[in-house]
Amino acid sequence: MANCYCEYCGIKSTNVSGLTSSSCMRHPNGANRGKHALYQGSEKSQYTCKYCGTRSSSIANLTSSSCMRHPNGANKGHHAPAL
Ligand SMILES: [Zn+2]
Ligand SMILES: [Zn+2]
């Protein structure tokens, strides 16, 4: 079964319904204020932030740091992987 990832925190799962039914530590509304969301893009060797273009080797790495060009304001949110 293909791997799937949460677009907010990069957690890996092989089960989409399991992924999207558990709480996300890095949900944009706050830690555990919502569920993981399925990253719709394909598995890549490098992920690029859709706001600022920062690259990282994993979604977990990318989303662990805050984004200077976040739409809510500089460092008001985390990098988000482009599809
Ligand atoms: Zn998550
Ligand atoms: Zn960014």
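A few remarks follow.
- Whole-number accessible area per residue in Å² for the chain, which is evaluated in the context of all protein chains at 1.4 Å: 60
- Carbon + sulfur, % of accessible area of the chain - ligands and nucleic acids excluded, 1.4 Å: 47
- Candidate residues Leu83, Leu62: accessible-area rank, largest first, probe 1.4 Å: Leu83, Leu62
- The chain - charge dipole about Cα centre, Lys and Arg +1 at Cβ, Asp and Glu -1, debye rounded to 20: 180
- As a rough guide to protection, the peptides 6-15, 34-43 ranked by mean Cβ packing within 10 Å, highest first, stand as 6-15, 34-43.
- Zone residues, the stretch 62-83, relative to Ala31, backbone N less than 20 Å from point 7 Å out along Cα-to-Cβ: 62-67, 75-80
- Kirkwood radius for the stretch 36-83, taken over all pairs of different Cα atoms as the inverse mean of 1/r, rounds to 10.7 Å.
- Residue-level accessible surface for Cys52, protein heavy atoms, 1.4 Å, Å²: 40
- Eligible lysines near Lys50 by straight Cα distance, threshold 18 Å, same-chain separation 8 or greater: Lys76
- The convex hull of the Cα atoms of the chain, projected and averaged over all directions, covers 4.8 nm².
The values are calculated or read from the model by the stated rules, or taken from the named source; none is laboratory data. Since the model is a prediction, treat every value here as computed from it, not as a measurement. Cβ coordinates were reconstructed from backbone atoms using ideal geometry, including for glycine residues, and neighbour counts include every protein chain displayed. Side chains included, ligands, DNA and RNA excluded: accessible areas come from the protein's heavy atoms. Shrake-Rupley method; radii C 1.70, N 1.55, O 1.52, S 1.80 Å.
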